[in-house]
1. Can you tell me what the convex hull of the Cα atoms of the range 1-115 projects to on average, as an area in nm²?
2. Estimate the FRET efficiency between residue 65 and residue 29 by the formula 1/(1 + (r/R0)^6), using the beta-carbon distance for r and 25 Å for R0, to the nearest 0.05.
3. Can you tell me the length gained on complete extension of the stretch residue 73 to residue 103, counting 0.36 nm per residue apart and subtracting the Cα distance?
4. At 7 Å along Cα-to-Cβ for each site, give me the label-to-label distance between residue 119 and residue 18 in nm.
5. Between residue 42 and residue 2, take the C-beta separation as r, use R0 = 30 Å, and let me know the FRET efficiency to the nearest 0.05.
6. In nm, to one decimal, how far is the residue 130 label point from the residue 50 one, both placed 7 Å along Cα→Cβ?
Amino acid sequence: LLNLAINARDAMADNQADRVLTLRTFREQIDPPAGDIKQWLTPGWYGVLEVSDNGCGMSQVVLAQAFLPFFTTKERGKGTGLGLAMVRGYAEQLGGNATIESRPGLGTKVCVYLPLDPNAAQAAEQLEHLRLEALRATGLLDSSAETEYDQIVKRACELCDTPIAAISLVDQNRQWFKAKIGL
């Protein structure tokens, strides 16, 4: 996570007005079709860590080499070229993989797929209903979009001069805790 966050930060220019680093986790069932980038994954449930930015993005030439050990586009002394190679290597050791999507000028998204225990995935699915009911009962579940809140977060980040635009807990299309607790 640290390697991915540092790469995302470095891809966003210091003078870029609206720098956004997004961290997201979710579960995904993989049954890859032939030719899909996820074809290297064994069918089943995966926990996915997604890190995206709205930085400079990568050309197809850079993208093709991004996971190679010691490949870097950073200035001398600012990186070893091992960050992404270590991310993919770690994921592969655990039976997963990592993917990158990037377009010059539009940013980059890296997804790290880690296999889930099939029994744990089933148990989590069964507990989802109970978890949502508990959140509703305590008044913490907040599923509506809140543009006013997003503007407050954006302004706070501008005042604090921080590149991370917002933090929210997201589970697919549901947003939790955001307005009630103030994350």
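Laboratory data are not the source of any read-out in this text; all were calculated from the coordinates shown. From a predicted model like this one, the values you see are computed outputs, not experimental measurements. Note: ideal-geometry Cβ built from the backbone for every residue, glycine included; neighbour counts use all protein chains shown.
1. Numbers: hull surface 29.2 nm².
Quarter of the Cα hull surface area: 7.3 nm².
2. Values: r = 30 Å, r/R0 = 1.22.
About 0.25, to the nearest 0.05.
3. On the way: separation 30, 0.36 × 30 = 10.80 nm, distance 1.54 nm.
Once the chain is fully extended between residue 73 and residue 103, it gains 9.3 nm.
4. Distance between the two pseudo-spin positions: 4.8 nm.
5. Details: r = 27 Å, r/R0 = 0.90.
The value I calculate is 0.65.
6. Output for this residue pair reads 2.8 nm.
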